[in-house]
Amino acid sequence: MQIVKNNFKVSHLPNGKTTSKSEGDIVSYVTARKQNIKAKDETFQMPQPINYYNYTFIHQRKCDVIESSRPQLTILVKSALLNTQKRTAIRRTWGYEQRFSDVHVRRAFILGASVDQQLMEDIASEAHQYRDIIQADFIDSYYNNTIKTMMAMRWVMDHCHRGHYYLFVDDDYYVSLKNLLRFVAYPALYPENAMTLNSRWEYKAQNERLFAGFVFRSRPLRQKFSKWYVSLKEYPYNKWPPYVTAGAFVLSRDALVNLYYASQYTKHFRFDDIYLGLVALKANIPLTHCGQFYFRRPPYHGPESYRFIVASHGFNEPLELERIWNECRSANYA
């Protein structure tokens, strides 16, 4: 585990009016929004937000309310409309809500929309059957992943903000919830000296700003043929701030709330991991790097090779996911 020091200047953020002077202001704005009160200082003026994700929810999962003393983990799976088999495999494996008797797990799949009426009807049937679909009326596409992520956060803020930790993950991932719970308990000790968290869930969720996953440092790609091309007009600097790969990351409640409100003062950007990196920088949220969140899939040589893995990208075959997850669960690693 590594806390990433961020020396990137807030004045580099591409939102037009943001300067280094406004860094502290944004934190104040977030605090005021969280408290839902006007600042007592009459000289303090909170500007109107510049960015809302005001899409309409088509389907929403109900957020079951339980006692706050019981640990709660909410899994928000960013899924493509056509990936029905992947969603089925996830429900059978790492997304199974009754996995633990002492931790309350809730699962939701986040989807956009399509002009294909039959596809929309299929999703409606799936939502009715499983009641775990959150769908909004933006077009479901790769370049709308930021919208998908932020609509998931909006659903949390509107309906499910009492959870302790929130895992955001793509539908082509392997996840060990057991390892995830051991990681969030004491990130600095994971994996060698991992411990189980007992009674401090509520305190940690309210007071810990955990934004964790695999942290990258990279530069914008300027090649026009690239899927990740960004023009100088869009972003005139030669480095991104540190960011967590968006395929799998975990947020504490406090970190999610801060990110959500800070996003309202941050111009939309189509790459969700970069966008959240920019928002985290402006909100003064440190990034926690954990090498057990794998961006590239490690070779599988039996359960022992996945003993400490929290999440891994690269599981496109649902049957393979089920086989490997079941083997790791049998070895008490999932």
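The values are calculated or read from the model by the stated rules, or taken from the named source; none is laboratory data. The structure presented is a predicted model; accordingly, all values stated were derived computationally and were not measured. Please note: Cβ atoms are built from the backbone with ideal geometry, for glycine as well, and neighbour counts cover all protein chains shown. For accessibility, only protein heavy atoms count, side chains too; no ligands or nucleic acids. Shrake-Rupley method; radii C 1.70, N 1.55, O 1.52, S 1.80 Å.
Just a few scattered comments:
- The Glu121 and Glu327 beta-carbon pair, evaluated with R₀ = 25 Å, returns a calculated FRET efficiency of approximately 0.10.
- Across the accessible surface of segment 240-285, with the other protein chains kept in place and a 1.4 Å probe, carbon and sulfur atoms take up 46 percent.
- Computed about the Cα centre, the dipole magnitude for segment 57-331 is approximately 800 debye when only Lys and Arg (+1) and Asp and Glu (-1) carry charge, each at its Cβ.
- Cysteines, the chain, no other Cys beta-carbon under 4.7 Å: Cys290, Cys328
- Using θ = phi - 60° in the Karplus curve 6.51 cos²θ - 1.76 cosθ + 1.60, the 3J(HN,Hα) couplings for segment 216-225 round to 10, 10, 8, 10, x, 8, 9, 6, 5, 7 Hz; x is entered for Gly and Pro.
- The chain: most fluctuating residue of Asn51, Asn179, Asn36 per GNM, C-alpha cutoff 10 Å: Asn36
- Using the rule -39500 (n - 2.57) for each DSSP H run of four or more residues, divided by the residues of the chain, the 222 nm mean residue ellipticity is -9500 deg cm²/dmol.
- Accessible area, probe 1.4 Å, largest first, for residues Ser101, Ser141: Ser101, Ser141
- Other residues within the sphere of radius under 9 Å centred on the Cβ of Tyr243, judged by their own Cβ, net out at 0 (K and R +1, D and E -1).
- Listed residue (Leu73, Pro318, Val184) projecting farthest to the positive dipole end of the chain, Cβ model: Val184
- A probe of 1.4 angstrom, applied to the heavy atoms of all protein chains, finds Met120 with accessible area near 30 square angstrom.
- Take the Cβ atoms of Lys62 and Phe295, set R0 to 22 Å, and the FRET efficiency comes out at 0.10.
- Leading residue at positive end of dipole, the chain (Cβ point charges), from Asn258, Asn284, Ser141: Asn284
- Karplus-derived 3J(HN,Hα) values for segment 99-116, using 6.51 cos²θ - 1.76 cosθ + 1.60 with θ = phi - 60°, are 4, 10, 7, 10, 10, 8, 10, 10, 10, 8, 9, 9, 10, x, 10, 9, 7, 6 Hz; glycine and proline are entered as x.
- For the chain, the longest site-free run once trypsin sites (Lys or Arg not before Pro) in DSSP loop states with at most 10 other Cβ atoms within 10 Å are removed: 41-223
- With the simple model of a label 7 Å out from the Cα in the direction of the Cβ, Arg91 to Asn284 spans 4.5 nm.
- Each of the GluC sites (Glu not before Pro) that DSSP puts in a loop and that has at most 12 other Cβ atoms within 10 Å breaks the chain; the longest unbroken stretch is 68-191.
- Whole-number accessible area per residue in Å² for segment 57-331, which is evaluated in the context of all protein chains at 1.4 Å: 43 Å²
- Here the gap between Asp102 and Leu221, fully extended at 0.36 nm per residue and compared with their Cα-Cα distance, gives a gain of 38.3 nm.
- When only Cα pairs below 8 angstrom with a gap of at least 6 residues are kept, the chain shows a relative contact order of 25 percent.
- In the list (1) 19.0, 57; (2) 22.7, 82; (3) 19.6, 63, the label attached to Rg and Dmax of the Cα atoms in Å as derived from the coordinates here is (3).
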